[in-house]
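Single-structure report; data block below.
The values are calculated or read from the model by the stated rules, or taken from the named source; none is laboratory data. As the structure is a prediction and not an experimental result, all values here were calculated from the model. In this analysis, Cβ positions are derived from the backbone assuming ideal geometry, glycine residues included, and neighbour counts consider all displayed protein chains. For the accessible areas, the whole protein counts, side chains as well, though only heavy atoms, and no ligand, DNA or RNA atoms are used. Shrake-Rupley method; radii C 1.70, N 1.55, O 1.52, S 1.80 Å.
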Amino acid sequence: MDRETIYLDNDEEITSVVDKLKGTEHVAVDLVIPKEALLLQSVVNLKILKKQADSLGKEIAIVTQDKVGKKLAEQVGIAVMSKPGEEPKVVHMTEGEKEIPEDDVSSIEMKNGDVKPKSVVEDDEVPIEMKPGAEAIVAPTSEVVTPDGNKLDTSEEVEISSDKIKNPVKEKSKKKLKWKIIGITAGFLALIGLVAGYIFVPLANVTLTLAAEKQKVDFTFTADKSASSVDNGTQTIPAREISEDVEKTEKYKATGKKKVGDKAKGTITVNDHAYTSDPGTTLLVAGTRFVSPAGLVYKSTTNVTVPGFKSVGGTITNGTINVSVEAENVGEQYNLVASTTFFIPGLTGATISQIYGVNAAAFAGGTSRDVTYVTQTDVNTAKDEIKKVIEQEAKRVILEKTVRDERWLEGAMKITEVSAEPSVAVNGEATEFELKAKSTVIALVFKDDNLKKLAESTLGDQIGDGKEIVESENLTSAAEFVSADFDKNQIMGRLSGEAYIATKIDENKMRVELSGSPEGSSLDYLNRVDGVEGVEIKHFPVFYKRMPRIEKHIYFKTVISKTQD
């Protein structure tokens with residue numbers, strides 16, 4: 001199976017990763033993630049990633065050197081590997097291994113195997129509880145003072161002569177006093193440890209369920225090439241210009257039909273039989289028509305003057321002259337036999353008995369065949385169609401030149417006059433011809449993050465200070481093109497989107513109010529907060545049902561409850 005490799009940044013958000021999965025056609029995808037990347041710090045993010053990948057039909061694997069990230073990925077069932085090209089594998093947890101709960105994901109495994117909670121965590125993470133039962137052991141050292149004032153280490157075996165022990169009872173009393181002092185010191189230290197534990201050890205994970213409602217936003221905006229930043233006042237965002245030459249060659253069918261070939265030729269003898277007796281008065285110009293009994297037309301190729309007839313004693317002598325003729329059209333049907341009589345329709349009042357023509361020899365040379373040729377209509381139709389092809393090619397080029405996180409609204413482009421010439425001239429014989437078209441496309445694109453920033457600001461003005469946007473995935477998806485002014489390098493668009501909003505939680509204020517409070521009072525306080533639908537508090541140690549006195553040991557997590565579809 002072909003695998004695609006996608007490289008992520010340290011601060012890559014889960015929504016961005018899901019968008020990249022949607023944008024690839026590959027089923028198998030390797031996500032290369034740096035050490036300590038934001039995505040690897042939360043098992044919630046990884047579970048969301050796994051769920052989205054499954055819904056998209058993607059088989060994902062994480063490539064990272066981050067040990068903590070690997071463990072979290074394995075926990076949620078995502079395949080991991082240390083470098084691209086390895087065989088991805090999923091490590092399944094055994095029954096003896098501890099599964100990290102979804103709301104307990106911010107612990108860090110130390111080299112010595114202990115688990116130490118982070119002192120500062122992100123807002124969307126909850127620290128793991130410390131392991132109970134840990135005990136600091138202070139190993140005190142002790143010394144013994146001999147009667148003469150010498151100090152001896154009690155861990156060593158010391159031989160003292162009897163002459164140096166002047167008062168054994170006093171020496172024994174000193175030893176008892178020393179151990180008493182050690183006991184008192186140890187007890188004092190233990191008391192200090194208990195007090196410190198009472199103050200510093202307790203942790204509280206508070207999960208607030210917030211009611212979120214759908215809020216719509218509808219406004220027009222301008223993407224301007226000359227803008228350098230988002231301007232909320234004028235609702236303008238920066239734009240980038242794409243200008244590319246577009247060429248396309250397409251083949252089209254020729255539709256013209258006609259016969260081509262050679263015309264039959266021959267000679268006709270023109271006879272003046274009682275048409276006119278005046279010599280030189282019957283002029284037949286080139287192109288004079290001669291019509292056969294079957295209606296076939298032949299035209300003379302030169303000017304001739306037909307001599308007049310002569311009548312002597314009632315006997316008529318025809319005036320005659322030969323003229324070369326050519327068939328009006330091509331074709332074998334014009335190859336006539338000899339002694340065919342023709343009449344001349346162009347002579348007023350003439351009848352075949354007065355003046356006519358006869359061919360002494362057969363006409364020959366007429367041929368024909370059917371051919372297809374390019375008509376002017378064919379060329380015009382092809383030009384109209386290739387303009388549409390150029391437009392589609394222009395869209396493809398724009399999308400190809402659009403970099404990551406940029407957005408192009410369909411229609412936000414300008415195509416210069418399309419130049420196109422056929423490979424076969426009009427009336428040229430051909431069954432098909434090529435049309436090569438060329439043009440230049442100009443488009444304006446913008447970063448979707450800038451549009452989202454403008455939309456969130458506009459929506460923020462609508463909802464006021466007490467609310468905040470908690471989900472905005474569909475906020476900019478419905479943006480559409482309105483108009484363009486490429487002389488000013490501007491396009492106008494309209495955004496009609498929606499997002500979910502909920503009560504803004506002031507965590508710092510809550511920590512101050514909750515510090516040191518009993519669990520009952522804390523629940524009562526939190527449930528009275530506007531927009532809070534549910535509260536859950538988890539304490540460490542579990543028997544300590546009071547909020548920590550150290551404010552930073554109170555951690556918040558919010559869960560959104562959508563009240564509208």
Can you tell me which of (1) of a type in the set (D, E, K, R); (2) surrounded by 17 or more Cβ atoms within 10 Å (Cβ to Cβ); (3) in contact with a strand residue (DSSP E or B) (Cβ under 8 Å, 6 or more places away or on another chain) is the one K452 doesn't meet? (3)
In region 374-433, the residues that are in contact (Cβ under 8 Å) with a residue 24 or more places away in the chain, open to solvent by 70 Å² or more (accessible area, probe 1.4 Å) and in contact with a Phe, Trp or Tyr (Cβ under 8 Å, 6 or more places away or on another chain): E385, E410, K414, N427, E429, E432
Going through (1) open to solvent by less than 60 Å² (accessible area, probe 1.4 Å); (2) in a helix (DSSP H, G or I) one by one, T367 fails only at (2)
When (1) open to solvent by 70 Å² or more (accessible area, probe 1.4 Å); (2) among the hydrophobic types (A, V, I, L, M, F, W, C); (3) under 30 Å from I390 (Cβ atoms) are applied to V246, the one that fails is (1)
Scanning region 484-519 for residues that are over 34 Å from the mean Cα position of the chain (by Cα) and farther than 22 Å from G466 by Cβ gives S515, G516, S517, P518, E519
Quick one: would you say T351 is over 30 Å from V371 (Cβ atoms), surrounded by 15 or more Cβ atoms within 10 Å (Cβ to Cβ) and modelled with pLDDT under 95? no
Condition broken by K253, with the remaining ones in (1) surrounded by 18 or more Cβ atoms within 10 Å (Cβ to Cβ); (2) over 21 Å from G349 (Cα atoms); (3) touching a residue at least 60 places away in the same chain (Cβ under 8 Å); (4) not small (G, A, S) satisfied: (1)
Would you check which residues across region 492-526 are over 27 Å from F219 (Cβ atoms), surrounded by 12 or more Cβ atoms within 10 Å (Cβ to Cβ) and among the aliphatic types (A, V, I, L, M) and list them? I505, M510, L514, L523, L526
Meets criteria (surrounded by fewer than 16 Cβ atoms within 10 Å (Cβ to Cβ), touching a Gly at 6+ places or on another chain (Cβ under 8 Å), modelled with pLDDT of 90 or more and aliphatic (A, V, I, L, M)) for V529: no
Out of N489, N474, I need the residue that is farther than 22 Å from L526 by Cβ and open to solvent by less than 80 Å² (accessible area, probe 1.4 Å). Which one? N489
Do we find a residue being of a type in the set (V, I, T), out of contact with any Pro (no Cβ under 8 Å at 6 or more places or on another chain) and outside any helix (DSSP H, G or I) anywhere in region 59-71? yes
Determine which single condition V325 fails, assuming it passes every other condition in (1) more than 60 Å from the chain's Cα centre (by Cα); (2) among the β-branched types (V, I, T); (3) open to solvent by 20 Å² or more (accessible area, probe 1.4 Å). (3)
Residue hits (region 271-307; in contact with a helix residue (DSSP H, G or I) (Cβ under 9 Å, 6 or more places away or on another chain) and either touching a residue at least 60 places away in the same chain (Cβ under 8 Å) or of a type in the set (K, R) (or both)) are Y298
For region 257-268, how many residues are open to solvent by less than 90 Å² (accessible area, probe 1.4 Å), modelled with pLDDT under 95 and part of a strand (DSSP E or B)? 2
Could we say that I321 is closer than 25 Å to A364 by Cα, part of a strand (DSSP E or B) and of a type outside the set (D, E, K, R) here? yes
Yes or no: K447 surrounded by 17 or more Cβ atoms within 10 Å (Cβ to Cβ), within 30 Å of V532 (Cβ to Cβ), in contact (Cβ under 8 Å) with a residue 12 or more places away in the chain and not aliphatic (A, V, I, L, M)? no
All positions within region 532-544 that are surrounded by 14 or more Cβ atoms within 10 Å (Cβ to Cβ) and farther than 12 Å from N205 by Cβ: V532, E533, Y544
Qualifying positions in region 327-379 - of a type in the set (V, I, T) and in contact with a helix residue (DSSP H, G or I) (Cβ under 8 Å, 6 or more places away or on another chain): T367
